[in-house]
1. What residue among Phe75, Val122, Leu21 has its Cα farthest toward the positive end of the dipole of segment 1-143, where the charges are +1 on Lys, Arg and -1 on Asp, Glu, each on the Cβ?
2. What GluC sites (Glu not before Pro) in segment 40-144 are in a loop by DSSP, with at most 15 other Cβ atoms within 10 Å of the Cβ?
3. Leaving ligands and nucleic acids out of the surface, order Cys70, Cys15 by accessible area at 1.4 Å, largest first.
4. Helix-derived [θ] at 222 nm for the chain: sum -39500 (n - 2.57) over DSSP H runs of at least 4, divide by residue count, nearest 500?
5. For a Förster distance of 25 Å, can you work out the FRET efficiency between the beta-carbons of Arg65 and Leu16, rounded to the nearest 0.05?
6. Working with all protein chains in place, sort Asp87, Asp125, Asp131 by solvent-accessible area computed with a 1.4 Å probe, largest first.
7. What residues qualify as long-range amide H neighbours of Val96, i.e. H under 5 Å apart, gap of 5 or more or another chain, H built at 1.01 Å from N?
8. Which trypsin sites (Lys or Arg not before Pro) in segment 74-144 sit in a loop by DSSP (not H, G, I, E or B) and have at most 15 other Cβ atoms within 10 Å of their own Cβ?
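The values are calculated or read from the model by the stated rules, or taken from the named source; none is laboratory data. Because the structure is a prediction, the values reported are computed rather than measured. Glycine also receives a Cβ, built like all others from the backbone with ideal geometry; neighbour counts cover every protein chain displayed. When the accessible area is computed, the model is the full protein with side chains, heavy atoms only, and any ligands, DNA or RNA have been set aside. Shrake-Rupley method; radii C 1.70, N 1.55, O 1.52, S 1.80 Å.
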Amino acid sequence: MLSTEYSAEISPDPCLRKIVLVSGALLALAGNVLIVFLPLAIALRVLAVTLWSYSTWRELVFLRRAWAGCIALKFVANGTVEILGPDLEWRPAELVSGSILLRSTGWLRVKTTAGHVVAELVRADGQQGRDWRHLHVIWRHVGA
């Protein structure tokens, strides 16, 4: 197999996406609870809760919108990354900092050419074994 043909296609897991959204919402709620108990004037706490709620809601909406545009991720041996969009066309992307790949789990952050960041929580058992092994080889080779 040519090294240019060596790639790994990773499919997102809808269940993991729901876990990320629910955990984000719960952490947003926890942040609001912490803000309420800060020793500040009530007006400042209301303002802080409003700003925190808006910013976390906005991030969750952006994340969900990014997921709608990502059916799969392809990692190629030369270090390039592509995203399969809903129109079934592969688009170039870039792996960004904050990505991590462990033996059976990974948190992959990819930036599209439009500047949107797609973050995916992936598991080995949700992938084909060959693609997961290829992803690990590419990850080590590229130095991600």
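1. Positive-end residue among those listed: Leu21.
2. On the way: sites: Glu59, Glu82, Glu89, Glu94, Glu120; in loops: Glu89.
Answer in residue order: Glu89.
3. Largest to smallest exposure gives the sequence Cys15, Cys70.
4. Values: 3 runs with 64 residues, N = 144.
It lands at -15500 deg cm²/dmol.
5. Values: r = 17 Å, r/R0 = 0.69.
So the FRET efficiency works out to roughly 0.90.
6. Values: Asp87 75, Asp125 120, Asp131 20 Å².
The most accessible residue leads, giving Asp125, Asp87, Asp131.
7. Hits under the 5 Å cutoff: Arg109, Val110, Lys111.
8. Numbers: sites: Lys74, Arg103, Arg109, Lys111, Arg123, Arg130, Arg133, Arg140; in loops: Arg103.
Answer by residue number: Arg103.
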